[in-house]
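Since every read-out is calculated from the coordinates, none of them should be taken as a lab result. Fair warning: this is a prediction, and the values are worked out from it, not measured in the lab. Here the Cβ positions follow ideal geometry from the backbone for every residue, glycine too, while neighbour counts run over all protein chains shown.
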Amino acid sequence: MSTEGPLASARLGYLLKHAYLRYAERSREALAPHQVDGRELAVLTRLAGPEPLSQQEAARQLGIDRTTMVALVDGLERKRLVGRRPDPGDRRKNIVELTAAGRTTLIDATEAADRAEQQFLGALGPAAASSFKDALRTLLASGP
């Protein structure tokens with residue numbers, strides 16, 4: 001293995017980590033004008049589904065612990081992107097819904113994130129980028 005520069009590493013962990021760091025920086029820059037980060041965008045995306053969700057349901061679907069989800073929803077509520085209301089079927093639960101500003105932010109931030117992803121994957125070309133994402137899905141679906 002060559003030791004000429006950081007990209008010469010053949011270690012998968014190194015390559016994944018540094019590719020993620022580069023992608024995360026592009027994503028962070030793209031989302032900054034919309035005043036959300038990647039985790040907040042994921043929450044907005046999940047909450048925009050056809051069925052209203054409680055904080056607990058959204059957290060479970062996203063694989064986020066309850067404490068983290070509360071903090072994320074609190075932040076989104078302070079930004080006036082979501083609102084909470086009691087679940088009419090179970091008053092112990094809060095339904096979390098996007099506000100009008102939240103829906104606009106979701107659309108705009110998703111477009112920005114998509115552009116950042118396309119720029120990041122651009123060096124691969126469309127077919128290789130699609131194959132790369134398919135390979136990652138296969139690895140993730142194969143279990144722990």
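Data overview
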read-out: Members of the range 115-144 found to be outside any helix (DSSP H, G or I) and in contact with an Asp or Glu (Cβ under 8 Å, 6 or more places away or on another chain), listed by number; value: none
read-out: Some residue of the range 78-98 being small (G, A, S), in contact (Cβ under 8 Å) with a residue 24 or more places away in the chain, touching a Leu at 6+ places or on another chain (Cβ under 9 Å) and surrounded by 15 or more Cβ atoms within 10 Å (Cβ to Cβ); value: no
read-out: Any hit, the range 94-110, residues being within 28 Å of L12 (Cα to Cα) and not basic (K, R); value: no
read-out: Tally, over the range 67-98, of residues that are polar (S, T, N, Q) and in contact with an Asp or Glu (Cβ under 9 Å, 6 or more places away or on another chain); value: 1
read-out: Helices (runs of 4 or more DSSP H) completely within the range 1-98 that count 3 or more residues being touching a Phe, Trp or Tyr at 6+ places or on another chain (Cβ under 8 Å); value: 12-31
read-out: Whichever residue in the range 76-118 is in contact with a Gly (Cβ under 6 Å, 6 or more places away or on another chain) and not aliphatic (A, V, I, L, M) and, among such residues, is nearest to E51 (Cα to Cα); value: E97
